[in-house]
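Right, one structure below, let's go through it.
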Amino acid sequence: MKRIIIGAALAAGLAGLGSTAWAQSTSPAMAQHQERELARGEPARWMKADGSVQAQIATKRKEIGAALNEAMNDCKKAGRADRQACMREARATYQRDMANVKELVAQSNQMGGVYDTAGPSE
């Protein structure tokens, strides 16, 4: 059985990214790169827990930044009329999440963060 750490990603994903964040925004080239990486198996770093709160905060900040990049890429695909509002919302979500990063980490820790699965991760 594999152990997957998902608490931080779940909290970041649910932290108010609006409807545009639900769609996958990974470029085809990046998706191919990810598939090649995953074909070799899951990297050991995925199974290594962040040992300290500072490390968890650093990871959370990376995730919040990645969520901003995905939201901005989605905004670029939106129509011209909606693009500016989408960008403002993405930046506001980023700023709100960064201001509350310690609380988001605490929420992730309360969720347990480690789950056993019966099959391979997707």
Practice problem: Please specify each residue of the range 66-80 satisfying the condition of being surrounded by 14 or more Cβ atoms within 10 Å (Cβ to Cβ) and within 17 Å of Met30 (Cα to Cα). | Solution: Ala67, Leu68, Glu70, Ala71, Met72, Asn73, Asp74
Quiz item: Is it the case that some residue within the range 26-41 is modelled with pLDDT under 85, farther than 14 Å from Asp97 by Cα, among the β-branched types (Val, Ile, Thr) and exposed (fewer than 13 other Cβ atoms within 10 Å of the Cβ)?
Solution: yes
Exercise. Quick one: in the range 74-90, of everything that is more than 22 Å from the chain's Cα centre (by Cα) and charged (D, E, K, R), which residue is modelled with the lowest pLDDT?
Key: Arg80
Practice problem: Tell me which residues, restricted to the range 37-51, are assigned to a loop (DSSP other than H, G, I, E, B), farther than 15 Å from Leu104 by Cα and not aliphatic (A, V, I, L, M). | Solution: Arg40, Gly41, Glu42, Pro43, Lys48, Gly51
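The values are calculated or read from the model by the stated rules, or taken from the named source; none is laboratory data. Values in this document were obtained by computation on a predicted structure and should not be read as measured data. Using ideal geometry, Cβ is built from the backbone for each residue, glycine included, and neighbour counts are taken over all protein chains shown.
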